[in-house]
Amino acid sequence: MSLKRAKISGIGRYLPEYILTNKELETMVETNDEWIRSRTGISERRILKDPDKATAFMATEAAKEALADANVDASEIDMIVLGTVTPDYMFPSTAALVQKRIGAVNAWGFDLSAACSGFLFALSTGTMMIESGRAKKVLVIGADKMSSIVDFTDRTTCILFGDAAGAVVLEEADKGGIIDFVHHTDGDEECSLYQHAGGSLNPASLETVKNGKHFLTQDGPVVFKKATQGMADVSLEIMERNQLTGDDVAWLVPHQANLRIINATARRMGLSTDKVMINIEKFGNTTAATIPLCLYDWKDKLNEGDKIILAAFGGGITWGATYLEWSK
Ligand code: COA
């Protein structure tokens, strides 16, 4: 029995209105615009300021736009897979909140934790459901309110992250669609990228709060090295096993963690920068949302049959790449 293929039939996003610029960060921590731009490529990022709103709100708005773009009613969705490390609650899942809010009355769903690889892992999960015939329409969402776990007194991390959500609708493809993916996980015992408290090992306590253990912490240079290596390696891996050269690839859609990591990946793939989707300067690292935010910004430039590589690296550590042929 030949597998069905899945394709992306709609894309949506949500961006909070508030723009936190490098200039404003200069008033908060000892940093400067030039350092941030030259080391990361970031000029500004969005912050969800409304205390009553969080990841599920952004994910819901992105989902609504993706459904409208695909011309699909929420009741047609069979499944919702949502990548996030900043769920509204430990439970219920953010996917469940979105299911209710959009009226996806026939859908089941769950959150998936793979940090910055969350969207790609969710995309592959949804793809396999369509390939197997278990689902006909799947909503895949990457959403993170990073400002809820970022320490805005730590200049090594607070300059990097922003809040946003991106969503896609997956449906059966007649041609093209998602062809292959390669994903990896390597449990990180070196603690290079962590949120130490809030889980069952270190539940919230006065101590954990006092010691800032609920904030994201990372060893920047260690993560930088692993990400540069991992994202390029996995992109080459998927190219090799699909016999693709740099000339064949129309677009690289890389996770937006650091412009230098993106450029190194493109170089190793043999791609010129005009084939690389980059919007890190506007949004920073929005964790699970970066890849759908890029697809959204570039959707009018995508042509039928374009060969596209999506690549990500994140905490866990997790990394992966997806190969698809654009067809809408
Ligand atoms: N402003 C000014 N100076 C800063 C700074 C800031 N915001 N943050 C760090 N510095 C300083 C450091 O204290 C250090 O000073 P020192 O040399 O006096 O000790 C110097 O800049 C260099 O720091 P370093 O950490 O070596 O810089 P870097 O070139 O590695 O850049 C990151 C730091 C965080 C931008 C970079 O390591 C990175 O992007 N890492 C990956 C992060 C990531 O992608 N995380 C998510 C994974 S998906």
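The values are calculated or read from the model by the stated rules, or taken from the named source; none is laboratory data. The shown structure was predicted, so the numbers you read here are calculated from the model rather than taken from an experiment. Because the Cβ atoms are built from the backbone with ideal geometry, glycine has one as well, and the counts that use them run over all protein chains shown. We work out accessible area using only protein heavy atoms, side chains counted, and drop any ligands, DNA or RNA first. Shrake-Rupley method; radii C 1.70, N 1.55, O 1.52, S 1.80 Å.
The relative contact order of the range 235-328 comes to 33 percent, based on Cα pairs under 8 Å that sit 6 or more residues apart. Loop sites here are GluC sites (Glu not before Pro) outside DSSP states H, G, I, E and B with no more than 13 other Cβ atoms within 10 Å. The longest part of the chain free of them is 31-188. With the biggest extent put first, the Cα atoms of the chain measure 57, 45, 36 Å across the principal axes.
Can you give me the orientation-averaged projected area of the convex hull built on the Cα atoms of the range 177-289, in nm²? Please list the in-between numbers first.
Numbers: hull surface 36.4 nm².
Dividing the Cα hull surface by four gives the mean projection, 9.1 nm².
When ligands, DNA and RNA are left out and all protein chains stay put, how many square angstrom of accessible area per residue does the range 77-171 have with a 1.4 Å probe?
Numbers: 3270 Å² over 95 residues.
With all protein chains present, the range 77-171 gives 34 Å² per residue.
If you take the Cα centroid of the range 244-321 and the Cα centroid of the range 123-187, the two points sit 13 Å apart. In 5 Å bins starting at 0, how do the alpha-carbon pair distances of the range 270-323 split up by percent? In order of increasing distance, the bins hold 4, 15, 27, 28, 18, 7, 1 percent. Within 14 Å, Cβ to Cβ, of residue 136, how many net charges do the neighbouring residues add up to if Lys/Arg are +1 and Asp/Glu are -1? Combined, the nearby Lys, Arg, Asp and Glu give -2. If you bin all the Cα-Cα distances of the range 181-246 at 10 Å, starting from zero, the percentages per bin are 17, 34, 24, 16, 7, 1.
Run through the DSSP bridge list for the chain and note the antiparallel percent, rounded to the nearest 5. Intermediate values should be presented prior to the final figure.
On the way: 40 of 56 bridges.
Antiparallel bridges: around 70 percent, rounded to the nearest 5.
Between residue 21 and residue 156, the distance separating the two model label sites (each 7 Å from Cα on the Cα→Cβ line) works out to 2.9 nm. Rg over Rh for the range 109-217 works out to 1.07, using Cα positions for both radii and the Kirkwood form for Rh. Projected onto its three principal axes, the C-alpha set of the range 1-137 covers 58, 34, 29 Å, listed from the longest axis down.
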